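See structure below.
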Amino acid sequence: MGTFSLVQKSGVVAVGLRRRLVSGKPARTFLGCVVLFLAFLGLSEASYLFVFPPASNAVFWLPSGLTMAWFLRTTKAHWPAWLLVVFLAEVLVVLQHGQPPALAMAWGAAGGLLPFTGASLLRRRTRAGFVFRRPWDVARLVWLGAAVGAIPGTLVAAAASVVWLGDPSFWHVAIGWWSSDALGVLLLCPLFLTWTEPAPPRSGRAVEALSLLVILTGGAWWVFGSVRPREIESALPALLFPLTAWAAIRFGPRGATAATVLVDFMAALHTSRGRGPFAMGSTSVAARVLTVQTYVSVLNGLVLLLAMVVVEEQKARAAAERAEQRMKFLAMASEILSESLDFTTRFAALARLCVQSMADWCVIDVVGEGGVVQRLGGAHREPGSEALLRQLEEQYAPDATSPHPAAEVLRTGKPMLLPLLTDELLQAHAVDAEHARLIRALGTCSAMAVPLSVRGQTLGVLSLGCAAPGRHYSPADLELATELARRAAISIDNARLYRDAQGAIRLRDEILSIASHELNTPMTSLKLDVQTLKRVAAPSGEPLPPSLTRVERQIQKLARLIEELLDVTRITTGRMHLQIEDVDLPALVRDVTERFTEDFSRAACSLTLHAEPSLVGRWDHLRLEQVVTNLISNGIKFGSGRPIEIWVGQADGAARLTVRDHGIGIPPDRLPYIFERFERAVSSRAYAGLGLGLYIVRSIVEALGGSIRVESTVGSGTMFTVDLPPAGPPHAAGKEGER
């Protein structure tokens, strides 16, 4: 079995042991005490391998790293038991080395102060255990856990040494004790913390890990195990930085801590035996100790910091990838929802998209007419399980009183997240035992339900379930589902608003049709009465009264308005038919302009007509006459007192009619809308009309297969250009004679 596999399995064992120790049961707490006691004794004996004779203190006290990690990983309720174990183990170690019992008691108390103080400082803002998540956590461990945490125990131990051992210098002892404890924390605490934290599997790297282990071991032995001086001896320890950095970059915090511990042990062990650059470059034991401790501090701090930066970068990259995937998912959902205003067909596709991306099953319930909940979408990752969804829909549709999660979301309008669907939660939200059985049959282990809310109204609910073992929905998943539900709710709202608007338009058109027909009958009678009065007055030779003339003009104006309303209803309902025949466009324009002679005179407008002698095409004579009439009327209305020019000819194979006035012009922001129904370029208070004339013109021109465009400058006038195909509209032969 490879080294990498052994390391992985040891990490798994450590994680399992830690979980058992923090469970709170007395038997497991006792097991934890035994493990801590034995590990403390073993590491204390290992620490004496790193003593630099004639000094008696180890370069680093390894049990301090163990106890700090133990306190950081377990609950505070167990700390009294751990403190007792540390005290007893420390006392036993001191007594084994022939020291006085009083000193052993004092050093035992000092040994417990380090993990208690350091762990308390590191966990003072959180109830959870301390873990490495950010580079800042490395600085906190170094400063609070090692540097500050070691101070109380150091002071007690140094004072005890002065009292019972007669050491002449309190501060000399204190500095030695403090540096040994702090380095023990810096050395072993990160190792225990990282290797007892679950880590993602890294398959396919066993060869790389084994190669790195061999290279790093050989390199450290070559650097620190030399017994003869070399010319570049002082620079050799720096060669190990790239190798430890390789471990940090490729294997994260676990690789970083394992690599630094290996190098630290090699450096301290060989230097204590008088070998390597640190031993040969220093004449005194104190200088050797200081050199090793400085090297260990710098190496461990930098490499661990590098590992945390790599972890942060990996987290940021993973977060960016997740965000990109979510944006793609939402973009696909928006595309599905925007394909049609009929959301009843779109929600089935939306449910299928959900089971492809974020769920094992998905159902979408919408509140319909009368408050009845309708299921408009349902899908399962396994097609064979969709029958269960249909059975749930038939037997347990959410209603106002149901404990069903979807029903509760409909009542409250708030999302519901069930990260882990336990039996208790299932019973609480199931209608009955059969309902719970069906949900379990879907394999549901995590679920969430979010409201389809818009403008303060809950229109439905989106329910998602996950059946993959170990996969549980998180608040981030709930946020994504909420955004999806918001977009779905907007599509429902837009569809209903569009439906209501279309209904209002149909009602308006119906009212206009009825009103125009009802107005047309009395208007026809009124026109006949005026014509009768004119015939009666004509034989006498007396001029017609001005009032009668004004009445006739107003009747003609009202008749045109009524005809426009009738045309609008014909156009919108598709009942405007064409009677295609040969039409001479110049002759038609001349005939229409002659009818406007009195209007031109009254508006003080001069007319200039440029027309070819003849230009015949296949068009509807009456409708084309209506186009020319509306354009000329428009020019007279908005160009009063200024000339009007009309051109009739051919251009680009089409018959072209151009009407230009020199009136007030049209603002640029109104140009795109002047051919729409009831749209006006200027205020209706200054110029009368319904805003239908140009809409009718465009509709007739397009029905004849032509096009119309407008050019205008405010204050300089407007020019309308109509192009008509001489052959008439498409399929004109089939429309001849129709009206």
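Here are some notes:
- Nearest 10 degrees, 0 to 90: helix 79-96 Cα axis against the chain principal axis: 30
- The A323 and D399 beta-carbon pair, evaluated with R₀ = 30 Å, returns a calculated FRET efficiency of approximately 0.20.
- Where labels lie 7 Å past Cα in the beta-carbon direction, separation of E594 and Q374 in nm: 6.2
- Distance from the C-alpha centroid of the range 150-183 to that of the range 450-501: 64 Å, rounded to the whole angstrom.
- Applying the criteria of a DSSP loop state and at most 13 other Cβ atoms within 10 Å to the trypsin sites (Lys or Arg not before Pro) of the range 59-165 yields R124, R125, R127, R133.
- All aspartates and glutamates inside 12 Å of K527 as judged from Cα atoms, apart from same-chain residues fewer than 8 positions distant: E552
- Segment N494-L507, length gained on full extension (0.36 nm per residue, minus Cα span): 2.7 nm
- By the Cβ distance rule (another cysteine Cβ under 4.7 Å), the unpaired cysteines of the chain are C33, C189, C445, C466, C605.
- For V714, residues with placed amide H under 5 Å, excluding near neighbours: I666
- Using 0.36 nm per residue and subtracting the Cα-Cα separation, the extra length available between V131 and H97 on full extension is 8.7 nm.
- Efficiency of FRET from Cβ geometry, R273 and T294, R₀ 30 Å, rounded to 0.05: 0.95
- Database remark: amide H of I580 closer than 5 angstrom to the amide H of E736, G737, E738 (H placed geometrically; neighbours at sequence offset of 5 or more, or on other chains; Pro and chain starts carry no H).
- Contact order normalised by residue count of the chain, Cα under 8 Å, 6+ apart, percent: 7
- Cleavage-rule hits (trypsin sites (Lys or Arg not before Pro)) in the range 229-263: DSSP loop, at most 10 neighbouring Cβ within 10 angstrom: none
- Calculated on the Cα set of the chain, radius of gyration then Dmax: 46.1, 152 Å.
- The phi-based Karplus calculation (6.51 cos²θ - 1.76 cosθ + 1.60; θ = phi - 60°) puts the 3J(HN,Hα) values of the range 692-706 at 10, x, 5, 4, 5, 4, 4, 5, 5, 4, 5, 5, 7, x, x Hz, whole numbers, x for Gly and Pro.
- Rh (Kirkwood; distinct C-alpha pairs) - the range 555-605, Å: 13.6
- Amide H contacts of L459: L452, S453, V454, each under 5 Å away and 5 or more positions distant or on a separate chain (H built 1.01 Å from N in the peptide plane; Pro and chain starts excluded).
- Each residue of the range 446-460 was assigned a 3J(HN,Hα) from its phi angle through the Karplus expression (A = 6.51, B = -1.76, C = 1.60, θ = phi - 60°), giving 8, 8, 7, 9, 10, x, 8, 10, 7, 6, x, 10, 9, 8, x Hz with x at Gly and Pro.
- Placing one equal scatterer on every Cα of the range 576-735 and applying the Debye formula, the log10 ratio I(q)/I(0) at q = 0.10, 0.12 Å⁻¹ is -0.34, -0.50.
- Sites M332 and R535 - FRET efficiency at Förster radius 60 Å, r taken between beta-carbons, to 0.05: 0.20
- Dividing the summed helix terms, -39500 (n - 2.57) for each DSSP H run of n ≥ 4, by the number of residues in the chain produces a 222 nm estimate of -20000 deg cm²/dmol to the nearest 500.
- For the range 549-583 and the range 642-680, distance of Cα centres in Å: 20
- Under Karplus coefficients 6.51, -1.76 and 1.60, residue-wise ³J(HN,Hα) of the range 233-241 in Hz, glycine/proline x: 4, 5, 8, 5, x, 5, 5, 7, 4
- Computed lengthening from S716 to D432, 0.36 nm per intervening residue step minus Cα-Cα distance: 94.3 nm
Just so you know, all these numbers are worked out from the coordinates, no wet-lab data involved. A quick note: this is a predicted structure, and the numbers were derived from the prediction, not measured. Note: ideal-geometry Cβ built from the backbone for every residue, glycine included; neighbour counts use all protein chains shown.
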